[in-house]
Structure formats: structure tokens, C-alpha cells
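The values are calculated or read from the model by the stated rules, or taken from the named source; none is laboratory data. Predicted model, so just to flag it, every value in this text is computed and none were measured. Here the Cβ positions follow ideal geometry from the backbone for every residue, glycine too, while neighbour counts run over all protein chains shown.
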Amino acid sequence: MACRFLSFALFFIFLLNQNVFAQTPAQTDVQALRAEIDALKADYDKRIQALEEKISVLQGGAPPAPELQPQVPQAQVPQGQVPQTQLPLQVPAASTGLQGSQISNAKVFNPDIAVIGDFIGASGSNEVEPSPAMEMHESEAAFQAIIDPYARADFFFSFGEEGVGLEEGYITFPAIPGGLLFRAGKMRAAFGKVNTLHNHVLPWIDRPIVTRNLVAGEDGIDDAGFSLAKLIPNPWFFLEGTAQVYRGDSTDLFHSSKRGELSYVGHLRGYQDITDNTNIDLGISYAQGHNPAGIAEGQLGQFSTRLYGTDATLRWKPLSRAIYHSFVGRSEVIWSRRQQPGGLQSGKGFYVSGDYQFARRWFAGGRYDWSNLATDTSLHDSGQSLVLTYWPSEFSQIRGQYRRTKYAVGLTANELLWQFQFSIGAHGAHPF
């Protein structure tokens, strides 16, 4: 009897143990699921709080103070079980106060603003074109902003010692039908290279003689009008064509006496990489307009001037030493055909220059100039220049230039020019 009872008890204990062992994995799975649920709840609460902060910032208010959340104990995950990976929580940067579309709106109401100072001094003698010993030659204030996804605006004001002028101010529509780039306002014409450059981006302190004699000097062809430019697809190189129409007033080069006397400018530019380190930029230009000749004879508006030009720019910048060594060679040739009461004056002029970077912040260069006079092409000026430039940073520049000029009147000028440039603010890049 005792044996039978003992056997029954052992059998009952065996079944009980089997049941416990069978339930242990299930209990383990339940604990893992509960741990995952607790982790998801904590992540959910954090995301809700982040969204509430974002809504508060977008509405212009301060982000709500974080509520004290009860600490949720970290569930113990059994060994061998891998909990679900939580997604990273992205909390908005409330400290900036700008989110989403507010950033683009802020750019419209707060355009990029920059001011560039150009201080020039001169020593030596020049009886033909004397300049002050020291002058704040120009202070350029720039205001630039993207108006909307379809347009941008650029304004450049020139502050001299005696007055203020609008150097350029235009709106650009870069994506109108037909792949055209449309621009309207007051702007520098796309004639050659030097005419398009502001003073502070010139590689010299002055402008070449051919620019002063044949292309309206420092101001150049700078007038109110509109411009159309288009990239011309082809399988060989970058090609761009530009056509411009202006009111017809550009200092003593073009003069409009009535509405119909407009001036016209055309430019065709080609660009090609020769090697990984070298590229070349070639262009041809044309400009036409009425000139101010004949005012004394009462014949204003009866004479015109035509300009033809070619320009070439060669750049070398080795990839391995780009911040230490580079070279830029430039040249322009311009032909002028000016009608005036004494007859047609047909002349030409050119410059050739080179600038070599021999250290990280040092550049040395030279330029040769030759040009007829626009009103009397039997006379010509010529000159040579040596230039040394030091760039402490992209916000300042120190430059010295020795210039020797032989004028048509028979006088020779030897001058030493020096320049300090400095800028503040965000100034957009210029075409190169």
C-alpha cells in the first residue's frame, strides 16, 4: 500500500514539473512584450511633447516648459532577447525661433547685406590724368535676396566722397519658358570681361587704357534695360548667348536724345576644360548706339558708334596645390567705329595681362596696354603695369601697382598706386 502511494506521489510531482517547465518560455515572451510596450510608451510621450513644442514655436510663442514625467522603470529583458530598436527622436531647434517656411520668409525680409570699401592712394607724377594722393574711391553697398522660387533681386549702390549712385539694380527670372534667363533693371552690359566687373573684383587697381578710351571708362556700358540669356546645348563645350537692349545712355560713349535711340549689346561666350587643372573662356561681343557727337552743330542723334570685341581668359589651378599656386591670363581686343562730323573714326585697342599666385596669400602680375583715342584714331596711348597683391583673408586685400603710361600728347607718367579693400557682410559671388 505504501509503495503504491509513493508511486502516485512521484508521478504527480513529475506532471507538475512538466507543466511549470512548459510555461516558462511563455512567461518569458510576455515579459519581453511588456518591456517593448513600456519603451514605446516612453517614446510616444516624448514625440507628443516635441510636436507640442514645434506647434508653439510656429505660432510665435515660447516653447512650453517640459512637464515632469514619472520615471518609467526600465524593464528587464531576459538574456538572449533583443528589444525593439527605438527610432531617433528629432527635437526642433527652438533656440533659433525659425522653422520651415519661416526661414525662406526671413530671407525675403532680411536680404544679404554687404559693404565693401575701396581706399586708393597714388604717388609720382601724372599731368594728364592726375588723381588725389589719397581717396576713399568707392564704398559699395550690396543688397541681394531671393524673392521667391522664380526670381531674385540684386542692388549695388556706389558711395563716393561726393555722392551716391546706383551702380546696378535688377531683377532676375532664371526659369522662364524656353530655358531663358531674363533680367530687367540697371546693369552692366555683357560686353567683354572688364566691363562686367565691379571695381573691387578687378585684378588691378585701375582699368585698362582700352576700357578708358573706347568703352566709357570706369562706368562702362551701364544703363537701364533688359537682358535675355540662354545656354546653347551642344556636345562639345559650354556655350551661352546674351542679347541686351538699353535706354541708350552710357556717359560719353552712347547718348540718347529721344526714346527710339536705344543701344544694343550682344555677347557669345564659350567655356571648355582643357585638362583637370586648366580651362579656357572665349567670347565675342558687339555694341551699338548713338553717340553725343554733333551737339555743337545741331546734329545730335545723327551719329552712332559700333564696338566689336573679343576676349579670352586662361586659368590654371592645380588640384593638388590649389590654395598655393594658380595662374590667370586675360586679354581683350576692341575695335571702335565712331561716326562724327569730321568723318568716321576707326580705331582699336587691347590689353594683355597675367597674374600668378606664388604663395597662399600672395599674387604677382603684369599688364600691357595699347589703345587709339575714340575721337581721333591717329593718336594712341600705351602703358605697362606691375602688380603685387596680398590677401590676408577673403574679407580684405592689400595691393600695390607700378604704372607707366605714355600718352598721345607726348607726356609720360610714372606712378605708384596702392589700395586697401575690406568688406563686411555676405556678398554674393560675381561672374568670373
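Given the condition at pLDDT 95 or above, within 28 Å of the chain's Cα centre (by Cα), closer than 30 Å to Ser263 by Cα and among the aromatic types (Phe, Trp, Tyr), answer yes or no: does some residue in the range 351-371 qualify? Scanning the range 351-371, I find at least one residue that is at pLDDT 95 or above, within 28 Å of the chain's Cα centre (by Cα), closer than 30 Å to Ser263 by Cα and among the aromatic types (Phe, Trp, Tyr), so the answer is yes. Among the residues of the range 164-184, the ones that are under 19 Å from the mean Cα position of the chain (by Cα) and of a type outside the set (Asp, Glu) come to 11 in all. Filtered by the rule that a residue be surrounded by fewer than 17 Cβ atoms within 10 Å (Cβ to Cβ) and of a type outside the set (Val, Ile, Thr), the range 317-328 gives Lys317, Pro318, Leu319, Ser320, Arg321, Ala322, Tyr324, His325. Kindly indicate the residue of the range 395-405 that is over 23 Å from the mean Cα position of the chain (by Cα) and free of Cβ contacts under 8 Å to residues at least 24 places away in the same chain and also nearest to Phe119 (Cα to Cα) among those meeting that condition. That would be Gly400.
Hey, can you tell me all the residues within the range 210-234 that are in contact (Cβ under 8 Å) with a residue 24 or more places away in the chain and assigned to a loop (DSSP other than H, G, I, E, B)? Of everything in the range 210-234, those that are in contact (Cβ under 8 Å) with a residue 24 or more places away in the chain and assigned to a loop (DSSP other than H, G, I, E, B) turn out to be Val215, Ala216, Gly217, Asp219, Gly220, Ile221. Just checking, does the range 358-368 include any residue being more than 30 Å from Gln401 (Cα to Cα) and either in contact (Cβ under 8 Å) with a residue 12 or more places away in the chain or exposed (fewer than 14 other Cβ atoms within 10 Å of the Cβ) (or both)? No, the range 358-368 contains no residue that is more than 30 Å from Gln401 (Cα to Cα) and either in contact (Cβ under 8 Å) with a residue 12 or more places away in the chain or exposed (fewer than 14 other Cβ atoms within 10 Å of the Cβ) (or both).
Counting only residues that are buried (at least 16 other Cβ atoms within 10 Å of the Cβ), of a type outside the set (Gly, Ala, Ser) and over 16 Å from Phe358 (Cα atoms), how many does the range 376-395 have?
Number satisfying all stated conditions: 3.
Residues are listed down the side, and each one gets a yes or a no for (1) in contact with a strand residue (DSSP E or B) (Cβ under 8 Å, 6 or more places away or on another chain); (2) in contact (Cβ under 8 Å) with a residue 40 or more places away in the chain:
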| site | (1), (2) |
| --- | --- |
| Phe254 | yes, yes |
| Leu262 | yes, no |
| Gly270 | yes, no |
| Asn277 | yes, yes |
| Arg321 | no, no |
| Phe327 | yes, no |
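Among the residues that make up the range 372-394, is at least one of them assigned to a strand (DSSP E or B) and without any contact (Cβ under 8 Å) to a residue 12 or more places away in the chain? Yes. Meeting the requirement of 1 or more residues that are under 23 Å from Thr242 (Cα atoms) and in contact with a Ser or Thr (Cβ under 6 Å, 6 or more places away or on another chain), the strands (runs of 3 or more DSSP E) wholly within the range 129-194 are 151-159, 164-176, 180-188. Note on the range 191-205: residues that are within 17 Å of the chain's Cα centre (by Cα) and either under 18 Å from Asp311 (Cβ atoms) or of a type in the set (D, E, K, R) (or both) amount to 6.
The residue that is nearest to Ala184 (Cα to Cα), among those in the range 235-252 that are assigned to a loop (DSSP other than H, G, I, E, B) and touching a strand residue (DSSP E or B) at 6+ places or on another chain (Cβ under 7 Å), is Arg247.
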